[in-house]
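The values are calculated or read from the model by the stated rules, or taken from the named source; none is laboratory data. The shown structure was predicted, so the numbers you read here are calculated from the model rather than taken from an experiment. All Cβ positions, even for glycine, are placed from backbone atoms using ideal geometry, and neighbour counts span all protein chains on display.
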Amino acid sequence: MTVQIIIRFLIGGLVVSVFAVLGDVLKPKSFAGLFGAAPSVAIATLSLTVIANGKLYAAGEARSMIAGSAALLIYTWLTCQVLMRRRWNVLAVACFIIPVWFMAAFGIWRLFLVSPR
Amino acid sequence: MKITVNVSALGRSRWYEYAVRFFFGGAITVCAGLIAHRYGPGVGGLFLAFPAIFPSSATLVAKHQKQKKERAGLQGEVRGRECAGLEAAGAALGSIALLIFAVLVWRLLPNHPAWLVLAGATMAWLASAVAIWRIRKAV
């Protein structure tokens, strides 16, 4: 288990860093921002999940990722609106809006993706 | 608007700024795995689109832009915040493409080779992100 966690950490860190560096070198900024929503964590996690738990399990994770992605859209749109309209600290804004991601992700998942019993 | 690659931008980041993103990237990958292990793939999958490194990336963009303006003798606070806002706008467009990535992996993974599905879905993410960005710019 510990070895698996270390491998996950290293692969996740590496893939996320590659996409982050791509975002650093590209211009204009709005285009570079696309890489802020790159499937970096998904590529690392799904690859390891397929190996450890099989393709069906990983497909189940991808299905829920639809709700997570929709929540990310809401989160980033809201962050953009606040940063453009208010003179608030960037890190504070980006962190304080994270609960919106949680509410949106779990809300969308519960409403549309959880099968009724 | 022309898309350009500016390799010299890499020199503006300090080693610890790369380390922070590596740490958060690794940490969220571990967390997503542990959450899926504890609560199942339904809940774990949500975290594949968690904005783990967005706060640090947006802060870096704002900081670098502010420093650039200040080196030129200008006040960079507002410009830094605007650049972080543009980064967020770009990420919003990218997250629509991320949704397409998720749908493709969900539908195709059970019946096709995993490496092919992940590589193809990543290409589809890039192509759709660029297309959405271009449409947004044209409107």
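The table that follows gives values for the structure above.
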read-out: Residue ID - modelled with the highest pLDDT, chosen from residues in the stretch B:1-56 that are surrounded by fewer than 21 Cβ atoms within 10 Å (Cβ to Cβ), of a type in the set (Ser, Thr, Tyr) and in a helix (DSSP H, G or I); value: B:TYR39
read-out: Residue match in the stretch A:51-66 (condition: of a type in the set (A, V, I, L, M, F, W, C) and more than 7 Å from chain B (Cβ to nearest Cβ)); value: yes
read-out: Lone qualifier among B:ALA102, B:ALA138, B:ALA131, B:ALA119 - being buried (at least 19 other Cβ atoms within 10 Å of the Cβ) and among the aliphatic types (A, V, I, L, M); value: B:ALA102
read-out: Per-region count, the stretch B:65-76, residues surrounded by fewer than 18 Cβ atoms within 10 Å (Cβ to Cβ) and either assigned to a helix (DSSP H, G or I) or not polar (S, T, N, Q) (or both); value: 8
read-out: Candidates B:ALA62, B:ALA84, B:ALA119 - the one that is at pLDDT 95 or above and either assigned to a helix (DSSP H, G or I) or not aliphatic (A, V, I, L, M) (or both); value: B:ALA119
read-out: Checklist (1) more than 8 Å from chain B (Cβ to nearest Cβ); (2) more than 20 Å from B:PRO110 (Cα to Cα); (3) outside any helix (DSSP H, G or I) applied to A:ARG87, failing item; value: (1)
read-out: Filtered residue count, the stretch B:87-116, keeping only those that are part of a helix (DSSP H, G or I) and either more than 18 Å from A:ILE74 (Cα to Cα) or free of Cβ contacts under 8 Å to residues at least 24 places away in the same chain (or both); value: 15
read-out: Residue in the stretch B:85-93 that is charged (D, E, K, R) and surrounded by fewer than 24 Cβ atoms within 10 Å (Cβ to Cβ) present; value: no
read-out: Test: A:GLY107 is within 7 Å of chain B (Cβ to nearest Cβ) and either at pLDDT below 95 or over 27 Å from B:MET123 (Cα atoms) (or both); value: no
read-out: Verdict on B:ARG79 being over 19 Å from A:ILE66 (Cβ atoms), in contact (Cβ under 8 Å) with a residue 12 or more places away in the chain and assigned to a helix (DSSP H, G or I); value: yes
read-out: From the options A:GLY23, A:GLY12, residue that is at pLDDT below 90 and outside the structural domain of A:TYR75 (by TED's automatic domain parsing); value: A:GLY23
